[in-house]
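Chemist: One structure, as structure tokens, below. Some questions next.
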Amino acid sequence: MLSSATNRRRFITLAAPALGAVLLAGCKVIPKGPVDTPPPPEQGPSSSLPTDSARHRVALLVPLAGPNGAVGQSIANAATMALLDTNAQNLRITTYDTSAGVASVTAQAVADGNKLILGPLLSDDIPAVAATARAARIPVISFSNDEGAAGRDVFIMGSVPSASIARTVEFAKGRGVNRFAALVPSGEYGERASAALFASVRAAGGAVAATESYDRSNTSVVSAARRLKTKGGYDAVLIADGGRFAVQAAGQLKTASAATPRLLGTDLWSGETVVATTPALRGAWFASVSDGRFRQFSASYKTRFGAAPYRIATLGYDAVLLTLRIARDWRTGSPFPMTRLTDSGGFIGLDGAFRFRPSGVVERALEVREVQAAGVVPVSPAPARFGE
């Protein structure tokens, strides 16, 4: 059953099993687009939610129009897939279009009786969503990766750069890297990446020998890489940016045949073709969620929707799986049991094991990958569950 309303409210209600088969996302940049654009949302007559006492009401807040509309639709499609694949009969997930005005659609989601909010996509929208949801005592699970937006009732589900950096540093230290350096972009992301590096290196018993920052332009990153190379005194360099800037910096830091310094990246490198095809990045390490289940998901998504999903779409699927897991002990019509979100055992999704810390920030089981001549390959698998 797909429907939408005009003007300030547009939503799509996904009520299973009635349906048939049908760089930095936390800031302002949406990573990893598909080969093809997902189809636009179906349009229908204005409608209100039907009375339903047998299903939990959950709101999905994503943009369905504008520059991030295709990404939001991909997440909504993935949520549909999760309902269909699990044959869920106790959830009613209603998608509200945040491009119609995030404050107004959040108020509508609350008025419609939803007890949990999945979304929004962008961290800039979190304050408006959280203010309304908090007053109604409704928790928010955002698809953002902005750690600074997390709180006691706002949970950040997007992969956070600090976790990727920590995993990579731990792996590198275990293989003889003791002195680290870093190239970080100016701005909030770079500051957080730098803080994560210092904390991770300190915890691993290593040392940070040097850092250089740059504006996000080709000339600036090249100059910063040259300055860092002149300083020397390190075994490895973290390039805390996406593939384009990593390639620019790598050529200045080492030759393709040199073993040192070891170059390190973040999960922004995942899926970047240029990383795998750049000789100067051979031997580089970075940590990310495993793509093992994503390949099967992507094939199923294409069959259903006729286009490739965005990589971030798995968050929509996994958010539904998480909700279903908790719904086993959630009485219909009662408040969402928020304390279950910080269960130490965590949850399992397409992107592997994950759980929320008390801070509201997600913790994920990550694998470490190495850039080799034949491509990017895992060299340290992600744990199947926490505690392993």
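Chemist: Hey, can you grab everything whose amide H is under 5 Å from the amide H of PHE286? Only 5+ residues off in sequence or another chain; H modelled, so Pro and N-termini drop out.
Modeler: For PHE286, the qualifying residues are GLY265, ARG369.
Chemist: Using a Debye calculation, one point per C-alpha and no hydration shell, please list log10 I(q)/I(0) for the stretch 183-310 at q = 0.15 Å⁻¹ in order.
Modeler: -0.73
Chemist: To the nearest 10 square angstrom, what accessible area does PHE245 show with a 1.4 Å probe?
Modeler: Number for this one is 10 Å².
Chemist: Here is a follow-up. Please quote Rg/Rh for the chain to two decimal places, taking the Kirkwood radius as Rh and restricting both calculations to Cα atoms. List each step's numbers first, then the result.
Modeler: Working: Rg = 21.4 Å, Rh = 21.6 Å.
Dividing the radius of gyration by the Kirkwood radius yields 0.99.
Chemist: While we're on this one: Taking only Cα atoms of the stretch 206-259, what ratio of Rg to Rh do you get with Rh as the Kirkwood inverse-distance radius?
Modeler: 0.93
Chemist: Report the relative contact order of the stretch 75-192, percent, no decimals, based on alpha-carbon pairs under 8 angstrom and at least 6 residues apart.
Modeler: 15
Chemist: Applying the Karplus parametrisation 6.51 cos²θ - 1.76 cosθ + 1.60 with θ = phi - 60° to the phi angles of the stretch 70-78, what ³J(HN,Hα) value in whole Hz is obtained for each residue in order, glycine and proline being reported as x?
Modeler: 5, 5, x, 5, 5, 5, 5, 4, 5
Chemist: Take the alpha carbon gyration tensor of the stretch 305-359, find the square roots of its eigenvalues, order them as a ≥ b ≥ c, and report rounded if a/c is under 1.5; if not, report prolate when a/b exceeds b/c, else oblate. Kindly include the intermediate steps, with their values, before the conclusion.
Modeler: Working: a/c = 2.75, a/b = 1.58, b/c = 1.75.
Judged from the Cα gyration tensor, the stretch 305-359 comes out oblate (a/c at least 1.5, b/c at or above a/b).
Chemist: Using the alpha carbons of the stretch 69-206, what is the convex hull volume per residue in cubic angstrom, as a whole number?
Modeler: Measuring per residue, one finds 150 Å³ for the Cα hull of the stretch 69-206.
Chemist: For ASP124 and ALA54, calculate 0.36 nm times their separation in residues minus their Cα-Cα distance, and state this gained length in nm to one decimal.
Modeler: Extra length from ASP124 to ALA54 when fully extended: 21.8 nm.
Chemist: Right, something else. Using square roots of five times the C-alpha gyration tensor eigenvalues, list the equivalent-ellipsoid semi-axes of the stretch 253-388 in whole Å, biggest first.
Modeler: Semi-axis lengths for the stretch 253-388 are 35, 19, 11 Å.
Chemist: With all distinct Cα pairs included, what does the Kirkwood hydrodynamic radius of the stretch 107-160 come out to in Å, to one decimal, could you say?
Modeler: Taking the inverse mean of 1/r over all distinct Cα pairs, the stretch 107-160 comes out at 10.8 Å.
Chemist: Please work out how much length the chain gains when fully extended from SER217 to ARG325, using 0.36 nm per residue of separation minus the C-alpha to C-alpha distance, in nm with one decimal.
Modeler: 34.4 nm
The values are calculated or read from the model by the stated rules, or taken from the named source; none is laboratory data. From a predicted model like this one, the values you see are computed outputs, not experimental measurements. What goes into the accessible areas is simple: the full protein's heavy atoms, side chains included, and nothing from ligands, DNA or RNA. Shrake-Rupley method; radii C 1.70, N 1.55, O 1.52, S 1.80 Å.
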